[in-house]
Amino acid sequence: MHIAIVDFDKCHFKKCQHECQYYCPPVRNGTMVVEFREDGYPVIHEEICIGCGICAHRCPYDAIKIIGVPERQIGNEVHRYGENGFVLYGMPTLEVKGVIGILGQNGTGKSTILNILTGNLIPNLGQEGGNRQKVLEKFKGTFLGKYLQDLYDGKIKISLKPQYVDLIPKYFKGKVSELLKDNKEAFEYLRKLGFEEIFDRDLDKLSGGELQAVSIAAALGKDAQFYFLDEPSSYLDIKQRLLVSKIIRELSEKKKIIVVEHDLAILDYMTDFIYLTYGEPRAYGIVSNSYATRQAINSYIEGYIRQENIKFRDFKIQFVKKPPELDNSIQPIMQWNTMIKKFDNFTLKINPGTLRKGQVVGIIGPNGTGKSTFLKILNGELKPDEGEFTLPLKVSYKPQQPSGDEDITVYEFLEKAIGDKINTNEFKNEILRPLNLESISETSLRDLSGGDLQKVYIAKTMGKEADIYFLDEPSAYLDVDQRMIVARIIKKFTENSKTSAMIVDHDIYFIDLISTSLIVFQGIPGRYGEIYGPANMKDGMNKFLSNVQITFRRDENTLRPRINKENSKNDVEQRKVGEYYYY
């Protein structure tokens, strides 16, 4: 299927005298693809156009373009889940060298791809029942065919890091050391990531970041030829994400590594080639050709793969060079003085700060420096040991790790939390529909994916009547598009309702999209934490990135932030002038 785009600003119909009509081949009983409006401008009949490209090539002013849009690729099925279930079209061929990334919306086949490549699923090629021989015949003579042959014959070993690390304590009871079973390689990876102190701790006592580190160490510690890592950055701070990236790149010199990841800055930093998946989430997914990392991510941000002439999104993801200005004239909604919170081995110092109406404050900093503790003090869940804080305001709080244990539907869960508001047009238009939750309203919480559960808890949090909204790591398990939608929802909601929000997250792109100001945490993870801010975005980013010793440059086409390689020309120059992000 194709769409026709006519740029009327470029069209010179009077000068051309409708020459585009004469170069357009007649189809369907002599009907022309190109006809003309009463004012003389051309109109493309999309239902007739076959996307041959002649029109676009014949127009000397590049005014007519025919662009393909996703549609089912009948005959190219790799796997179908039941008669009316999800269909995957195409597969990554894996022949490219270096670290391979897979990027796409949730529900477009990434997990299916990993299940096929790890042997957990025998694809059925669109028919009932998977058949190994038919699969091998389909991919015969390709790198993928040889890989699957060796996989089915047991000639290669694979290692998989699962997506949902928070489920590990449900399936394995005991200590980290018991899970890793004296695997020296795994313990070494845990040490490299800075988590050696958790080796003798119980799994059910670990945070999301600690569970992620254990999962990565366990996967990389196995002796295998192919390593598959499903969202390795979730719950990790940016410094830990960079450490994981460096470990992966080092290992890729000897092994083949395939990564599914939604943090675009980290995906850009760790991979060499990327396959994009697109289509209709939960209905069908299509796998693109492989592209160099920068090219693939820019295509994803634009929503258009130029090399395949496919437009899979109606809008671009927008980034800006200059930070938003912080308006200190706006009325404060909350203020706090110096406070201290002490635990057995950890102390948090909270410096004075002010939150203003309509602000969205991003909270960033290393794991283990007290970000979640700070939110719990502000919402009244914890009391400071020194200093006082009373919040005479209504707050709504989303925890870091949402629970999906209740056996009730999404609709029942939200109705229980926010009452009749769930049925109002305002809530449906501003929250439910943008998050695409109406389609899963009758699904049990227990059956939701991590991304859907995250969206349900975001809806629950934003649906409550409150003055301030606290959200702890709302981007976890969300794809790039969903993160952008959540950022838009929260910013628009706070602006319209004159409320405020505080967001803890580690995805730099998400923080960039959502925040009007920043609170930066610094200190020694697990021992001491101290906060700086709220500050304007420029000062906050410089403070944070100088602490973790990372600089960002801007992509010349999309303006998206890209991590500079250490000691590169840009890195050295930006450190010298003290501009780590907005340069």
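The values are calculated or read from the model by the stated rules, or taken from the named source; none is laboratory data. Keep in mind that this is a model prediction, so the values were computed, not measured. Glycine also receives a Cβ, built like all others from the backbone with ideal geometry; neighbour counts cover every protein chain displayed. For accessibility, only protein heavy atoms count, side chains too; no ligands or nucleic acids. Shrake-Rupley method; radii C 1.70, N 1.55, O 1.52, S 1.80 Å.
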GluC sites (Glu not before Pro) within segment 429-523, DSSP loop, no more than 11 other Cβ atoms inside 10 Å
Glu442, Glu465
For the Cα atoms of the chain, what angle does the longest principal axis make with the long axis of helix 450-463, in degrees from 0 to 90, nearest 10?
70
Linear extension gain, Phe493 paired with Lys222, 0.36 nm per residue minus alpha-carbon span:
92.9 nm
Arg72 versus Ile156, label points 7 Å from Cα toward the beta carbon: distance in nm?
3.2
Mind pulling the angle between the C-alpha long axis of helix 238-251 and the longest principal axis of the chain? Nearest 10 degrees, somewhere in 0 to 90.
60
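Could you work out the local net charge near Phe195, counting Lys and Arg as +1, Asp and Glu as -1, over the other residues with Cβ closer than 11 Å to its Cβ?
Combined, the nearby Lys, Arg, Asp and Glu give 0.
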Based on the Cβ-Cβ distance from Asn337 to Glu185, what FRET efficiency comes out when R0 is 41 Å, to the nearest 0.05?
0.25
Classify segment 361-436 as rounded, prolate or oblate, taking a ≥ b ≥ c as the square roots of the eigenvalues of its Cα gyration tensor: rounded when a/c is under 1.5, otherwise prolate if a/b is larger than b/c and oblate if not.
prolate
Net charge of neighbours whose Cβ lies under 14 Å from the Cβ of Ser159, counting Lys and Arg as +1 and Asp and Glu as -1
+3
How high is the relative contact order of segment 463-526, given as a whole-number percent (alpha carbon pairs under 8 Å, six or more residues apart)?
43
Rounded to 0.05, the calculated FRET efficiency for the beta carbons of Gln295 and Glu388 at R₀ = 51 Å is 0.40
With the 8 Å Cα cutoff and a minimum separation of six or more residues, the chain has a relative contact order in percent of 13
Taking all pairs of distinct alpha-carbon atoms in segment 107-228, Kirkwood radius in angstrom
16.2
If we sort 544-550, 121-127 on the protection proxy, mean other Cβ atoms within 10 Å, highest first, what's the order?
544-550, 121-127
Report the gain in length on full extension from Lys569 to Arg527: 0.36 nm times residue separation, minus Cα-Cα distance, nm rounded to one decimal.
11.6 nm
Reachable lysines from Lys254, criterion Cα separation under 22 angstrom, eight or more residues apart if same chain
Lys97, Lys146, Lys155, Lys157, Lys161, Lys184, Lys192, Lys222, Lys246, Lys565
Can you give the percent of C-alpha pairs in segment 178-223 whose distance is more than 12 Å?
54
Could you work out what % of the accessible surface of segment 76-121 is carbon and sulfur, using a 1.4 angstrom probe and leaving DNA, RNA and ligands out of the count?
44
May I ask you to list the trypsin sites (Lys or Arg not before Pro) in segment 479-569 that are in a DSSP loop and have at most 15 other Cβ atoms within 10 Å of their Cβ?
Lys498, Arg527, Lys565
Estimated vicinal HN-Hα couplings, Hz - segment 342-348 in sequence order (Karplus 6.51, -1.76, 1.60; Gly, Pro = x):
10, 10, 4, 10, 9, 10, 10
Apply the a/c threshold of 1.5 to the C-alpha gyration tensor of segment 227-334 and tell me whether it is rounded, prolate or oblate.
oblate
Given 95-104, 452-461, 176-185, the highest-first ranking by average Cβ count within 10 Å works out to 452-461, 95-104, 176-185
So what's the net charge close to Pro123: Lys and Arg +1, Asp and Glu -1, counting the other residues with Cβ under 11 Å from its Cβ?
+3
Too-long pairs where the Cα-Cα distance tops 20 Å, listed order kept, from Lys416/Lys498; Lys170/Lys464; Lys376/Lys464; Lys538/Lys576; Lys357/Lys421; Lys322/Lys398:
Lys416/Lys498; Lys170/Lys464; Lys357/Lys421; Lys322/Lys398
Relative contact order for segment 360-450: what is it in percent, counting Cα pairs under 8 Å that are at least 6 residues apart?
26
Angle between the chain longest axis and helix 143-152 axis [Cα atoms, degrees, rounded to 10]
60
Which of the peptides 228-241, 374-387, 311-324, 285-298 is most tightly packed, and how do the rest follow, going by the mean number of other Cβ atoms within 10 Å of each residue?
228-241, 285-298, 374-387, 311-324
Using a basic spin-label model with each label point 7 Å from the Cα along Cα→Cβ, how many nm lie between Arg306 and Asn425?
4.3
To the nearest Å², the heavy-atom accessible area per residue of segment 412-513 with 1.4 Å probe amounts to 35
